[in-house]
Amino acid sequence: MKHFIKSLAVATALISVVGTGSFASEPQKGGTLITGLAQTPRHLNPAVQSGVVTGAPGAQLFAAPLRYDEDWTPRPYLAKSWEVSEDGLSVTLKLVEGAKFHDGQPITSEDVAFSVKTIQENHPFKSMFAPVQSVETPDANTAVLKLSKPHPALLLAMSSQLMPIIPKHVYGDGQDPKTHPQNSENVVGSGPFRLVEFKRDEHVILERNPDYFMEGLPHLDRIVMRIIKDPSARAIALENGELHMSTFENTVRNIERLKKADGVTATPEGYAAIGALDWLAFNTKAGPLADKRVRQAIAYAIDKNFILNAIMLGNAQEAKGPIHPGSPLADQTLPGYEVDLDKANALLDEAGFPMKDGKRFDTSINFGWPSVKPQAEYVKQALKQVGIEVEVRASADFPTWAKTISNHEFDMTIDTVFNWGDPVIGVHRTYSSDNIKKGVIWSNTQQYENSRVDELMEAAGREPDSEKRAALYKEFQQIVAEELPVYWLNTLPYHTVYNDKVGNPPLGIWASSSPMDKVYLKSE
Amino acid sequence: MTILIPVAQRILYAILLLVAVLVLNFTMLHLAPGDIADTISQSMGGADADTMAQIRSDYGLDQPFLVQLGSYISRVLTFDLGYSYFYNQPVTTLIFEKLPATLLLVFTAQIVALIIGVVLGVISAKNPNGITSHFVTLLALFGYAAPVFWTGILLLIAFSLKIPLFPVAGMSDVTVEGGWFIRALDVAHHLVLPVVTLSTIFFALYSRLCRASMIEVLGSDYVRTAKAKGLSEFEITYKHALKNSLSPVVTLAGLQFSAVVSGAVLVETVFSWPGLGSLALQSIIARDTPTILGILFFSALVVIIGNLLTDFVLRLIDPRLRGRA
């Protein structure tokens with residue numbers, strides 16, 4: 001009997017532990033989340049400034065029509081519903097009723113029209129809203145986007161990073177929206193948090209928006225984004241608990257260190273839409289690299305396992321094609337180039353570069369920032385095996401590199417380019433022949449031209465049926481993977497690092513460039 | 001008066017020097033390939049040709065070089081340092097926002113380094129071959145040789161992570177609430193590690209220099225006379241010898257004013273100290289020409305003022321220099 005009572009007590013204790021355990025995983029109200037930012041944002045208005053450093057605070061300050069979780073499915077946000085017409089030429093948004101900006105003014109379809117216009121005029125990604133000809137506003141809660149052609153990329157573009165809804169009565173006062181003083185102070189948005197203070201090189205402090213249009217959200221009272229530029233200092237701060245969370249961490253040594261730390265989780269989830277890839281770009285118009293066989297030979301000479309395991313320490317994925325492997329449009333059947341030196345040598349012979357005294361030809365590789373130096377050095381070593389002598393050229397800084405590459409004065413370069421959601425936004429620019437623009441970095445600096453590729457991208461850009469669209473992109477990926485204007489190496493080793501107190505960290509496809517209204521802090 | 005005449009002459013030279021600094025810096029920055037349009041497009045993940053042309057025309061970068069130089073110099077002469085391309089803020093505002101943090105850091109580090117350097121220098125000079133002297137030499141060499149960022153990171157790992165005494169980053173904790181005293185304590189708490197790091201380089205210089213000049217002075221005739229007079233050891237060392245051996249140290253300390261920007265860049269980066277060094281680094285990376293020029297102008301000004309002050313102080317402590325140009 002005594003025994004029985006004892007085990008009963010144990011069982012009760014167990015139940016109560018489990019009970020509180022499951023209770024603790026319910027989101028809790030309140031608390032201040034402290035996150036790290038690696039740079040000072042230029043300002044906080046993503047409508048006129050792209051990039052994830054503005055995106056992180058921007059997505060908290062401004063709401064967008066749609067939001068996304070992990071699965072690339074659009075979900076209602078400021079638009080409670082949306083409808084694409086049969087012909088794909090108009091998209092109707094029904095706005096949440098009674099939603100208000102931080103200054104108490106109602107959010108209307110006028111603001112949607114104004115936001116689209118401002119973004120079209122000022123945002124660098126012109127292809128996002130290029131087909132939008134006008135925005136009609138039949139009533140205060142209905143906005144109809146009229147398109148010149150079907151534009152399926154629009155739905156992804158309607159997320160916080162790319163389409164914040166900004167108030168017309170504030171940013172439409174006649175000042176240039178790019179330099180508007182309220183981009184940095186007294187920011188008026190409609191997102192889950194309001195701006196308290198933005199101090200350059202120090203912090204962005206946000207507080208709960210009490211009139212937020214989503215019921216019961218956000219959970220947190222405050223978010224303090226601390227600007228800590230040194231990655232090692234951020235890692236130490238994450239480890240000792242001074243920071244609760246940091247996103248876009250990409251120094252692999254620190255990631256390895258943090259993975260081993262107690263009470264801290266480091267995950268690569270959440271970067272599929274950002275879609276950052278490291279690749280080896282070729283100047284397809286000059287020298288031996290103009291020959292596709294030479295480029296293929298180079299691909300066969302490079303051992304990606306070395307890059308993935310020795311350089312990235314297993315923290316990055318292999319990239320086999322132009323679309324980030326986390327995107328539903330990525331062709332998972334691309335064969336890639338397994339390392340094969342015989343094949344590489346045969347292709348180089350065939351292309352007319354015979355081996356003389358252990359050497360075939362000289363070429364060079366540029367890189368513009370220190371984090372990709374290991375890849376550049378490795379390419380030099382790898383190509384030496386097949387008789388290609390590579391000179392590694394470091395650039396003093398980004399503008400120096402950008403000038404060299406965008407003026408097509410290079411043979412090869414390591415480059416890092418972002419997909420930015422839909423291929424129309426971040427992928428087409430690299431391969432489209434009408435985007436060969438001297439002086440513009442991240443245009444088609446490879447000067448790659450293929451009319452079939454142009455046709456496929458054009459058709460896929462306007463194809464509303466998702467299966468047909470995927471098929472068009474599949475053919476596109478197979479052609480470029482065969483012709484290799486660039487050879488894709490790896491995804492960036494971006495990681496979100498958070499400690500055990502953080503519930504619901506932002507692991508959707510847009511990482512911290514999404515509303516953090518569901519993030520909460522667990523109390524001990 | 002004899003103190004002031006050469007000083008006035010120096011001020012005139014200083015102004016000429018400042019203009020030369022401006023022209024030289026502007027020209028050099030102009031010669032570097034690439035510009036702000038590239039870095040803005042970088043921070044935006046790419047931009048099209050129209051956007052880049054727009055940025056260049058917004059900032060007058062499509063104008064001929066001499067026109068840009070002329071308009072810049074004429075604006076600076078009216079004390080207008082222009083607008084930061086990157087932050088769209090007046091450069092003067094940015095600099096004055098950051099200046100107090102840097103001054104606090106650098107002056108505290110300088111004072112700490114001067115005191116420790118001089119004391120250790122004197123101690124080791126009194127017995128140049130003793131164990132203490134060798135230890136001080138070793139410490140000084142280590143302090144001078146170790147890269148600042150490395151020292152900084154090591155201190156962080158030791159005193160923020162393993163023994164969590166001090167915060168990792170920043171100048172204050174935003175969650176701390178209270179009166180000015182509590183806030184000042186909080187800033188002092190954040191100040192410890194950066195000051196220790198920054199003073200390691202300075203202290204090495206001062207202790208070596210002070211040691212050398214003390215050894216020289218301690219061997220001179222008047223010290224022997226002082227000993228013969230029967231003055232106490234303490235009086236000889238600190239009243240007679242130290243005063244005479246201090247002038248090279250003061251000269252050097254004056255020259256180190258340039259470190260207000262240069263030395264602090266690394267320390268400010270490692271400890272996320274929101275000062276001029278961080279701003280300088282950021283604006284160089286971003287090719288934010290007006291901000292770089294503004295900071296360079298400012299540091300030139302600081303160096304020149306520092307040198308003037310050094311002259312002045314030297315003349316005060318050494319009457320022999322008064323009246324010399």
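Tabulated values for the structure
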read-out: Computed lengthening from B:Thr78 to B:Leu231, 0.36 nm per intervening residue step minus Cα-Cα distance; value: 49.3 nm
read-out: Flagged links, alpha-carbon separation over 30 Å, of A:Lys320/A:Lys373; A:Lys380/A:Lys403; A:Lys80/A:Lys437; A:Lys126/A:Lys259; A:Lys373/A:Lys438; A:Lys80/A:Lys117; value: A:Lys80/A:Lys437; A:Lys126/A:Lys259
read-out: Sum of side-chain charges, A:Ala38 neighbourhood, beta-carbon under 11 Å (Lys, Arg +1; Asp, Glu -1); value: +1
read-out: Projected label distance in nm at B:Leu316 and A:Asp103, using a 7 Å step from Cα toward the beta-carbon; value: 5.3 nm
read-out: Extension gain from B:His134 to B:Ala184, taking 0.36 nm per residue of separation minus the Cα-Cα distance; value: 14.2 nm
read-out: Angle between chain A longest axis and helix A:341-350 axis [Cα atoms, degrees, rounded to 10]; value: 50 degrees
read-out: Computed E for A:Gln133/A:Ala286 - FRET, C-beta separation, R0 51 angstrom, nearest 0.05; value: 0.80
read-out: Solvent-free Debye scattering, log10 I(q)/I(0), computed from the Cα coordinates of chain A at q = 0.05, 0.11 Å⁻¹; value: -0.23, -0.99
read-out: Percent of beta bridges antiparallel (DSSP, region A:276-491, rounded to nearest 5); value: 60 percent
read-out: Chain B shape via C-alpha gyration tensor axes, a/c threshold 1.5; value: oblate
read-out: Of the DSSP H helices in chain B, those whose Cα atoms cover at least 30 Å axially and whose Kyte score averages -1.0 or more; value: B:4-31, B:91-126, B:180-218, B:289-317
read-out: Convex hull volume of region A:276-491 per residue (C-alpha atoms, cubic angstrom); value: 110 Å³
read-out: Computed log₁₀ I(q)/I(0) - Debye formula, equal Cα scatterers, no solvent, region A:423-524, q 0.11, 0.13, 0.19 Å⁻¹; value: -0.53, -0.66, -0.96
read-out: Residue-averaged [θ]222 nm for the protein assembly as shown, counting only DSSP H segments that reach four residues, each worth -39500 (n - 2.57); value: -14500 deg cm²/dmol
read-out: Cα centroid of region A:323-389 to Cα centroid of region A:240-257, whole Å; value: 32 Å
read-out: Pairwise centroid distance, computed over Cα atoms, of region A:124-179 with region B:84-106, Å; value: 35 Å
read-out: Kirkwood Rh and Cα Rg combined as Rg over Rh, evaluated for region B:103-284; value: 1.07
read-out: Estimated FRET transfer efficiency (A:Gln332, A:Asp357; beta-carbon r; R0 30 Å; 0.05); value: 0.10
read-out: All Cα pairs of region A:179-248, percent lying beyond 13 Å; value: 70 percent
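Each reported figure results from applying straightforward, stated rules to the coordinates on display, with no laboratory input. No experiment lies behind these values; they were computed from the predicted model shown. Cβ: placed from backbone, ideal geometry, glycine included. Neighbour counts: every protein chain shown.
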